[in-house]
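*Asks:* Input: one structure, supplied below.
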Amino acid sequence: MIPLRQHGAKKQHIAGSRRKVLFPAVFLLLSFLLMILPLEGMVASIKVVLSYVFIPQIRLAHGGVKYAENVHQTVQELLQTHTENRLLKQQMEETQMLTSQAQYIFQENERLSAIVGVQPAQRWQGVWAKVAYREPAQWNTVIIDKGAADGVQERSAVLSLAHGQEGLAGVVIEVTENTAKVLLLRDEDFTAAVMLERGQEEGLLVGGGLHPVRLKYIPLLTPVVKGDKIYTASSSSIFPAGILVGSVSDVREDDSFQTSLTVEVAPAVRSGAVKELFVITNPERK
Amino acid sequence: MVWKGCKIIFLFIVATIFHWAGATLFSFFGLSVNLMLVFAIAFCAELKLEVGYPVAFMAGLFLDFFGTRLFGNNAFSFTAAACLMYALCSRFDFESIFPQVFTVFGLTCFVSLLNSILLAWFTSAMMWPGTWSVVGGAAVGAAFAPFVFWLANRVLREDTKAA
């Protein structure tokens, strides 16, 4: 029995040694063959076969790396958000402080106006409305989705936001229960009493239709420069004072017999671009 | 047997992901990091040679798949590295960190050198990536070695015991 066991162990040892030599030899030979074979033909076929095995893995690996990159980006964004959040909080605090200051100034204004006997400027109240319809043939009138039910009245002033600041857009000319028609500033029938920021000179703004919007009745020697801002005047019967209308785009002295300047105006709100409008619904208009 | 095969395939996929990520990230620093080799060495430390050699060969073939000039050089050098690894297995205990780190470092340098020689021989083109790139890449691979060995041990442990 003992010699047999020894014989078996010896056979196993030989088989193990053979395996130790055989396995590396086979794989080294195989890889060597792959190296000496031309890249076309058989090797190309092997590559095609391998592509079915490896390409899904490569895609998975690539996806994993891309995901890791995104994680890094997300973390970066999160860190930035934290900084941004801190800045916004700071800005909010500053805005709150400004609001309380403004509140104090409003109260003071009301008190002083009462002493002097002047009607103080009303704060704007109103509703936001969306442009519901725009007639293709008449680009200077739009129909909005708010009407009498929302407090919209005829001759209500209509504002819109332009570059973060509100600007005069037009006036309500027709009201139904749930809609209203707005005449935009560019229309030939539109007029408004306005004043120049520089010199506080008042004039009449007239829509030009296809022509530029003009400011009439500005005396000849009035200092007007291109870019001067124009606001609604306190003498206006429709519009509250202080709404930005636009800026001076051109100043001309056309004819020698004229007694006033020809001032062209670039409206702050582009009539063709209005989408949301703010209709002032203050009942206490002058 | 099937379960063991699944584990090896899973680890192989993990290796490709790590290799891809390592190659992409460290290429910005001019280092040629070969994490596939680190995994192949770890496979050899955990598996019997009947399985270890084919896995190392396939790992090399995976890298050859991206090559355009020569096909099979990585398979050859990975098999040669596996050969050396099995020779070292009988002398060192690969459960401790130092043999893992130094073996991976040495074998990575060896594989880079062998690949360059094979490329120079078969294509007459010198493809030496640079000493700093090779040594730095080998150092990075060596730094990852304990983790890779731990992962391979964790995944293939039961199979090793069964073997």
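No lab work stands behind these numbers, since they all come straight from the coordinates. What you see is a predicted model; the values in this text were computed from it and never measured. Cβ sites come from the backbone with ideal geometry, for glycine too, and all protein chains shown count toward neighbours.
*Asks:* For B:Trp121, all conditions in the list (1) touching a Phe, Trp or Tyr at 6+ places or on another chain (Cβ under 7 Å); (2) part of a helix (DSSP H, G or I); (3) over 30 Å from B:Met1 (Cβ atoms) hold save one; what is the number of the exception?
*Replies:* Among (1) touching a Phe, Trp or Tyr at 6+ places or on another chain (Cβ under 7 Å); (2) part of a helix (DSSP H, G or I); (3) over 30 Å from B:Met1 (Cβ atoms), the lone unmet condition for B:Trp121 is (1).
*Asks:* Go through (1) within 23 Å of A:Pro24 (Cβ to Cβ); (2) outside any helix (DSSP H, G or I) for B:Ser77 and report which single condition fails.
*Replies:* (2)
Listed here are the residues, each with its yes/no results for (1) among the aromatic types (Phe, Trp, Tyr); (2) under 30 Å from B:Phe78 (Cβ atoms); (3) more than 7 Å from chain B (Cβ to nearest Cβ); (4) touching a Cys at 6+ places or on another chain (Cβ under 8 Å).
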site: A:Gly41; (1), (2), (3), (4): no, yes, yes, no
site: A:Lys47; (1), (2), (3), (4): no, yes, no, no
site: A:Arg59; (1), (2), (3), (4): no, yes, yes, no
site: A:Ala68; (1), (2), (3), (4): no, yes, no, no
site: A:Leu79; (1), (2), (3), (4): no, no, yes, no
site: A:Gln90; (1), (2), (3), (4): no, no, yes, no
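*Asks:* Residues to consider are B:Val14, B:Val55; find the one that is of a type in the set (A, V, I, L, M), in a helix (DSSP H, G or I), farther than 21 Å from A:Phe27 by Cβ and touching a residue at least 40 places away in the same chain (Cβ under 8 Å).
*Replies:* None of the other options fit; the residue is B:Val14.
*Asks:* Within region B:23-40, work out how many residues are in a helix (DSSP H, G or I), in contact (Cβ under 8 Å) with a residue 60 or more places away in the chain and buried (at least 22 other Cβ atoms within 10 Å of the Cβ).
*Replies:* Result for region B:23-40: 4.
*Asks:* Ok, one more. Would you mind finding the one in B:Phe94, B:Phe66 that is in contact with a Ser or Thr (Cβ under 8 Å, 6 or more places away or on another chain), more than 8 Å from chain A (Cβ to nearest Cβ) and in a loop (DSSP other than H, G, I, E, B)?
*Replies:* Unique residue meeting the criteria: B:Phe94.
*Asks:* Please work out which one of (1) within 18 Å of the chain's Cα centre (by Cα); (2) crowded, with 19+ Cβ neighbours inside 10 Å; (3) touching a residue at least 24 places away in the same chain (Cβ under 8 Å) is the condition B:Val135 fails and give its number.
*Replies:* Among (1) within 18 Å of the chain's Cα centre (by Cα); (2) crowded, with 19+ Cβ neighbours inside 10 Å; (3) touching a residue at least 24 places away in the same chain (Cβ under 8 Å), the lone unmet condition for B:Val135 is (2).
*Asks:* Among the residues of region B:32-63, count how many are more than 13 Å from chain A (Cβ to nearest Cβ), within 15 Å of B:Gly5 (Cα to Cα) and hydrophobic (A, V, I, L, M, F, W, C).
*Replies:* 1
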